[in-house]
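Have a look at the structure below before the remarks.
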Amino acid sequence: MRSLVIIFLFTATLASAQQINYKVIADEPRKINNLSINIDLAAMDFGIGNIDGASFNLGVWGHAMYKQRMGIDYSYRYGWLTLGKFASPVIKSHLNFQTGGFFIFHKRTASTTNKVVLKTSSGYQGGKNVTITEFLMVPSQKFRYQALRGGIYFDRSGARIENPTGADSFTNFYILGAYGGLCFGSTRHIIIQTDKYGEKGVVSHVRFCLDAIITPISNAPTSLKNQIPIGARLLCQALPTLRRRDKGKKAYRTKMTAEFEVGYRMIAGLYLGGSLSIPISRSIKAMQSEGETLEMKRTAE
């Protein structure tokens, strides 16, 4: 069995009585990239009420934020594997398209602490393989915002029409409508310089969205289940936080981004979706809020 051993480091104290001294060289939580393009290779979409419509998808999703006040969300996915195609050649590939906007109505910067990982190593202890993570809990800032959002929602899929007295038949359908709700975001950008481990840091941008999904336009046969055109979802996103190298210093780059959602929508019923994506991200100067710059502003040298 693999277990996790965590050694806590506070300010400058190690369990082994070593001292770790550090200074904060950047604490800029509002410095986040305002444009992202995230490429999906196998985004999952699984509806419990429509197994034949379950799929794995190629796609792209992301956001654009203008002066940390408003922006655009988008998502497009095409199923390279739709389960219903194994049962019938009638079934078409799954297709989902969403695009809309958001407006940030409240934002603030709050004091908090962030865990900055210094070193991760593997070893053997107590007869077990262990992973040892050394880190500091660093007082820093976190930027939080709340936004209203909404947009167009389109989904095409295939489905099985069950026949209790004979062979089942298959059909394709689409649903069209809108999504809308609230989005809660938080960002952090903390960089420290340590005397033992060099420069370390944490940069992140996470969003949680609660949406209603209303799809009154549909050509779904009435024989299919889950005909109620009103649904909802919880959408969680870890957006990319790439930044350019700062005069040869280490760049804290997001190697993969993630998106996960769970909810209810017409025909699919309860559904799960998720993906790990390849990120492309930038901070465009014309879209930045006042006071932001492309170069990292150091708070101490």
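Just how large is the dipole of segment 100-183 about the Cα centre, in debye to the nearest 20, putting +1 at every Lys and Arg Cβ and -1 at every Asp and Glu Cβ?
Details: 10 positive and 4 negative charges, 124 e Å.
Dipole about the Cα centre, nearest 20: 600 debye.
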Take the residue pairs K31/K67; K23/K115; K67/K107; K31/K107; K92/K255; K119/K200 and return only those whose Cα atoms are more than 21 Å apart.
K92/K255
So what are the ³J(HN,Hα) numbers for segment 144-159, from phi and the Karplus equation (6.51, -1.76, 1.60; θ = phi - 60°), rounded to whole Hz, Gly and Pro as x?
10, 8, 10, 9, 8, 9, x, x, 8, 10, 10, 9, 10, 7, x, 8
Over segment 23-105, what relative contact order in percent results from Cα pairs under 8 Å that are six or more residues apart?
25
May I ask you to evaluate 6.51 cos²θ - 1.76 cosθ + 1.60, the Karplus curve with θ = phi - 60°, for each residue of segment 225-236 and list the ³J(HN,Hα) values in order in whole Hz, giving x for glycine and proline?
7, 6, 7, 5, x, 10, x, 7, 7, 10, 10, 10
Under a 5 Å amide H to amide H cut-off, with H placed in plane at 1.01 Å, what residues pair with Q288 once short-range neighbours are removed?
K67
Rounded to the nearest 20 debye, what is the charge dipole size of segment 20-119 about its Cα centre when +1 sits on each Lys and Arg Cβ and -1 on each Asp and Glu Cβ?
520
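Only the coordinates and a few stated rules stand behind these numbers; no lab work does. The model shown is predicted, which means the values in this text are computed figures rather than measured ones. As a convention, Cβ positions derive from the backbone with ideal geometry for all residues, glycine included, and neighbour counts pool all protein chains shown.
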